[in-house]
Amino acid sequence: MRKLDKKRLDTIIRRGVVEIIVEDEFVQLLQAGKPLRLKMGFDPSRPDIHLGHVVGLRKLRQLQNLGHQVILIVGDWTAQIGDPSGQSATRPMLSHHQVMENAESYLRQFFKIVDEDNHIVSPGIPGELMTRGYSVMLGYWNDPEITAEAIDAAGWMHTGDQATIDEEGFCKIVGRIKDMVIRGGENVYPREIEEFLYRHPKVQDVQVIGVPDEKYGEELCAWISLKDGEHSNPEEIRAFCKGQIAHYKVPRYVKFVDEFPMTITGKVQKFKMRETMISELSLIERETA
């Protein structure tokens, strides 16, 4: 996939595309405000923006504040199970927090949240989001072993997403299971900390990862991209966190960067961030059984 630059965006707009699958680069251009000054000529009754990956609450609010109608937000897992599986919609009948934070299922797609033993958890308790329905794939081509790991005998697919479902049935993605950090026996979800750090007036973007630690097993590390012209230091970031979030959620390490390692499709490569920190801090990766 080619990088989405301003020239390419202009071409898309001139051809009258109404619904767009966007990349992180497009979100960044929208946040910068430059493309939004163009006359797009979109039909207000149809979607302006169709996001193809999980986007933070702060980014969604920024896009809406810039005058765009964000209709569909599709999680990472929909790349495997198809577009009409799980979506959140900015609809007038939903409350503000529901508009921005919850996902609603459509078109006879079924969901459940399970623990490590595959038991359904109580409302509000995090677990793995599983889905079953007509749009779930049958399996991986000529790979029954991998298929069996991803889809159980009853047709439920493991999404790899950590999520909760509330009393009303609304689902909220809290992060990816593979990204979860276990610090001193406490499960920490990087996305929760990222959303908090977005509140800092100097922070433009942030990614949180876990890195090895001899005492706690893992410690938190935040990579932060500051807004143009801003300056900060790790002490300022940690002071912003103290007293506002649990002490074990305060990042021990803070690294300021201009950009994050990305795939060609615009997704952050957190494993490369982890490798970088292990090297820079001379950390020892603990072997697991």
For residue 246 and residue 265, compute 0.36 nm times the residue count separating them, minus their Cα-Cα distance, and round to one decimal in nm.
3.4 nm
Calculate one ³J(HN,Hα) per residue across segment 257-265 by plugging θ = phi - 60° into the Karplus curve 6.51 cos²θ - 1.76 cosθ + 1.60, and present them in order as whole Hz with x for glycine and proline.
9, 8, 7, 10, x, 10, 7, 5, 9
Going down the table (227/270; 112/242; 172/249), which pairs top 27 Å between alpha carbons?
112/242
To the nearest 20 debye, segment 180-281 has a Cα-centred charge dipole, built from +1 on Lys and Arg Cβ and -1 on Asp and Glu Cβ, of 200 debye
Residue by residue through segment 201-215, which ³J(HN,Hα) values in whole Hz follow from phi under the Karplus form 6.51 cos²θ - 1.76 cosθ + 1.60 (θ = phi - 60°), with glycine and proline marked x?
x, 9, 8, 8, 8, 8, 9, 10, 9, x, 10, x, 9, 5, 7
Search the structure for amide H atoms under 5 Å from the amide H of residue 269, placed 1.01 Å from N in the peptide plane, and list their residues when 5 or more places away or on another chain.
262, 263
Amide H of residue 213: which non-local residues (sequence gap of 5 or more, or other chain) have their own amide H closer than 5 Å, using H built in the peptide plane?
218, 219
Spin-label model distance (nm) - residue 182 vs residue 278, 7 Å beyond Cα toward Cβ
1.7 nm
Which order do the peptides 208-218, 252-262 take when ranked by the mean count of other beta-carbon atoms within 10 Å per residue, highest first?
208-218, 252-262
In whole angstrom, the spacing between the Cα centers of segment 128-167 and segment 243-289 equals 28 Å
Considering only 223, 239, 187, whose Cα is most displaced toward the positive end of the charge dipole of segment 180-281, charges sitting on Cβ of Lys, Arg (+1) and Asp, Glu (-1)?
187
Sorted by chain and number, the residues with a modelled amide H under 5 Å from that of residue 255, at a separation of 5 or more or across chains, are 222, 223, 224
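Read-outs: derived from the displayed coordinates by stated rules, not from any lab. The structure presented is a predicted model; accordingly, all values stated were derived computationally and were not measured. Heads up, the Cβs are rebuilt from the backbone with ideal geometry, glycines too, and the neighbour counts pull from every protein chain shown.
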